[in-house]
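The next block holds one structure in the form of structure tokens; read it before the comments.
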Amino acid sequence: MRQPRVRAHFEVAPTGPPPARLAAARSPRRLAGLAVALATVGTLAGLDARAQAPSTTAPAAAGADSAKSSAGDGGPLARYVPKDNLVFMASFDGLDAHAEAWQKTAAYKMLNTTPLGVMLEEVAAQLLDRALEGVPNRRLNGTEAVALLETILRKGWLLSFTAPGKGGPPPVAMLVFRGMAAKETRLQASRALGMLMGADKPRTERRKGRFVVLINAAGTAWWAEKDDIVIGPSKEGIDYITDVLDGKVPSAVEHPVVKELSQAEGTFRPVLTCFMAESGVTDRPLSGIETFVQTLHTSVGVTRLDYRWGFDDDALMSVLRLNAPSPRKPVLALFDQPRLDTKQLIPIPDGVDSFVTVSASPAKLLESIAELDRSGQVRGKIDELLERIKGQGKLNIEKDLLGNLGPRMTLYLAPGRSAAATDEAPKAGLDLGSLMTMIQPLFPKPTLVAEIRDPVAFNRALDATVIAINKELKAMAVEKAATLAEAGGEGRPGQAGAPPGQGNDRSSRRRSNRETPAPELRLAPGAETVKTYMLVVPPDSPIKLNIPGLRPTIRQEGKFVAIASTSEAARVAIDAVKKKDWKPSADIDQALGHTPPNSILLAVDDLRSTAPGILANLPGTIQMQVNTTIAVLQSQQGMQPGQVPGGYPGASAPGSFGPAPSTPPGGSPGGRPGLPRGAGGRDRGPNAEGFDPAGQPPSAYPGAGGQAPAGYPGSGGQRPPGYPGAGGQAPAGYPGSGGPQPGGAGNAGGAPAMMEIKVDPSKLPKAEDLKALMFPGTCAVSVDDKSIRIVIRESFPNPVTLMTFGGGVGGWYYTVSQAAQRAQQAAGGADGAGAAPAPGGPPQAGPGSPGGPASPRGRPGGPAGARGPGGRGMTRPND
């Protein structure tokens, strides 16, 4: 191998656009948006991003074995890893290696037959562009970074750690990227590696016939092994890896765990495999990962932890397995429960599309929880609580009450009343409490339904328990009333909140315990076969629930008991279990058919009512989170972020996908602050960004029908002065004005600019198109004598995981931009004439900025040739 080839990987990397890529590599670019987001927040679901199927024009031989064609030399990635003392290995085959199975999945269809993949690609490119601003020695833009991620997803990667063994073999940690040194990706890969090596000229060494490029003084280096790139932590480790490749040391290809995990299981095809296991070496200090694995074994009883992710017919499927043979230690003994029969589920009311059903013994659960504490303190606290509830009676809570519950139990959120069924519109002048009382029926109501083994014994135990609970509530109320009275009170006993001087006399403080109003579980009148206890809180009780409309209720009828947040929800739950002809819907029944054997818990989650709307509105949601995070971080330092005229910190310029000026920071699309769905778990019209859950842009945005508000693109009205295309002078410091802009060089130490994610409305997917391709997902816990498995099967990763991504990008961008500004100030460039804008600041008037001459193929405020963040006007190779 000639040295110039290796050196060229780094030295010839220009700053201009990358060379044209093969047509077969264009489609995967659209997948990397989801991968960027989910991988950044530390989830493996990012691997569900789009992959390119083998080109129809490719040779037949390549299509017949895409796994081999995508590998540098046709071998598995495990060939790099030493077999002995292997503690950790994660290997991703690459989506090209399983192209046929991938194309059958609903996720593939959502990403390829709708604009979802294109949208994710453009959003990811813009986010990466912003996140990379201020990074020292930056050599990639967002589009190029997305292209690299696509290659990694298509062709695969490996991460492993081998512990040092007896006789001198060194510890070996490595990272391998398949196909990254191939001609079509070599340039971008060299740029990415160059960012790790700093600005100095790279140093190379020849080790065992291979030229390696040193990254740092510690000996960390990388080299090209045919079309693969290998990164090793030390020279000794690199030598050991080359011995494995040359056949001098056995490789992990024949490792029994590696072989076991890579095998198909029924219709399940693993793509990602990962495991941790003890090395068995005890004659030296343990590394951090070895210590973690050993702790799992000694404290929890897990001898090995493994994970697989892949495709199962039309679903994405993952399996987390804890190898923990019976008899298990207390923490895992919680899972030793009766097996669940999915053919004998507790009926649920109409309209409930997500629920959790479990087979468990509450008494056994309580016993296992108590045994977790070896000191016995937990057991003592539980016994004390049970004894207080028992009082002077002969009730045995564990035997008579908990022992008669189960094993079948179901938990769900009873749907709230539709907004369309609201009796009347809110009247002007309503206080917050009245308004909350009015809208409370719209919210979902937590409901637990359990079967009863012995209804008669349970009935007696329930009555005794209620009496004991009411005594405890009374004692708590008396204690709180006395505390208020002794403090001179914000109110007299039993009348918290009364103004001073109105009821704080000595006689009121001496009210007897009997007169102190307290919450109470009261028996509601009804048939003898139905027993309903409802928690009633007197208005003058010192103990308040502070949740309007909340009426915790216990309702027993026959062999079932329901515990719900309202009496109506409890009644509906009991009515549902009496339907002998009840059957789950066809979609749920199909999902139940994939439940693994020996399951003790099954959660069914139908995201079709929420996920499509979240995905369709994703650009605006992420932008809002990025800008809100920047605004919050900036306000903590007493600085005002850059904001548009009349907007709050974090608001976006007109025409962007950010929050409208009337939207408060922290609002979430279509519902309560911080939640991904509207009231009752359903999409209810346009969200905070003005996007309709059906995926259509509002009439006020470009590309939408209807009249936009005055001053917005597409409207016939007058734009605010100073905006592009408007007459008049913008306020100083904003685009189009002659003054310095917030966060820029003319405002040293100012806030980073707010972000605008720009996506052409035609590239926004429609919620109904996404919904048509989705189906209910399941999460099951199955237990046998050897292991505990958690199996997740879904049509698409839950997009709620993306909701934290925007905040992460905002925090990262704020950190690097502030660091860059401090470095600029330290260098004396912040106050110098003609200084460049600080990273993160809005572009100054000049080439490529609003109000300045255009810069050919340049992003606003950037040098000629630099790419914009994407979306409309984003320049991309081969588009």
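The values are calculated or read from the model by the stated rules, or taken from the named source; none is laboratory data. Please read all numbers here as calculations on a predicted model, not as lab measurements. Quick reminder, even Gly has a Cβ in these numbers, built from the backbone with ideal geometry, and neighbours come from all protein chains shown.
When Lys343 is tested against (1) basic (Lys, Arg); (2) over 27 Å from Asp587 (Cα atoms); (3) part of a helix (DSSP H, G or I), just one condition goes unmet, and that condition is (2). Please indicate, with yes or no, whether at least one residue in region 561-579 is modelled with pLDDT of 95 or more, surrounded by fewer than 21 Cβ atoms within 10 Å (Cβ to Cβ) and in a strand (DSSP E or B). Looking through region 561-579, at least one residue is modelled with pLDDT of 95 or more, surrounded by fewer than 21 Cβ atoms within 10 Å (Cβ to Cβ) and in a strand (DSSP E or B). Residue count for region 156-198 satisfying the condition of being of a type outside the set (Lys, Arg) and free of Cβ contacts under 8 Å to residues at least 24 places away in the same chain: 3. The set of residues in region 321-355 that are touching a Lys or Arg at 6+ places or on another chain (Cβ under 7 Å) and farther than 30 Å from Ala570 by Cβ comprises Arg321, Asn323, Pro325, Asp336.
Report yes if some residue within region 307-322 is without any contact (Cβ under 8 Å) to a residue 40 or more places away in the chain and over 30 Å from Ser585 (Cβ atoms); otherwise report no. Checked region 307-322: no residue is without any contact (Cβ under 8 Å) to a residue 40 or more places away in the chain and over 30 Å from Ser585 (Cβ atoms). Residues in region 279-295 that are in contact with a Lys or Arg (Cβ under 9 Å, 6 or more places away or on another chain) and buried (at least 19 other Cβ atoms within 10 Å of the Cβ): Val293 only.
Within region 241-256, work out how many residues are in contact with a Ser or Thr (Cβ under 9 Å, 6 or more places away or on another chain) and either within 19 Å of Ala277 (Cβ to Cβ) or crowded, with 21+ Cβ neighbours inside 10 Å (or both). Qualifying residue count, region 241-256: 2. Taking residues in region 251-264 that are farther than 21 Å from Pro169 by Cα, and partners anywhere that are hydroxyl-bearing (Ser, Thr, Tyr), the pairs with Cβ atoms closer than 7 Å and at least 6 places apart or on different chains are Leu261/Thr273; Ser262/Thr273.
With respect to the conditions (1) closer than 29 Å to Ser234 by Cβ; (2) in a helix (DSSP H, G or I); (3) modelled with pLDDT of 90 or more; (4) not aliphatic (A, V, I, L, M), Glu122 falls short on a single one, namely (1).
Of all the criteria given as (1) among the acidic types (Asp, Glu); (2) farther than 24 Å from Phe92 by Cβ; (3) surrounded by fewer than 23 Cβ atoms within 10 Å (Cβ to Cβ); (4) touching a residue at least 40 places away in the same chain (Cβ under 8 Å), the one not satisfied by Asp129 is (3).
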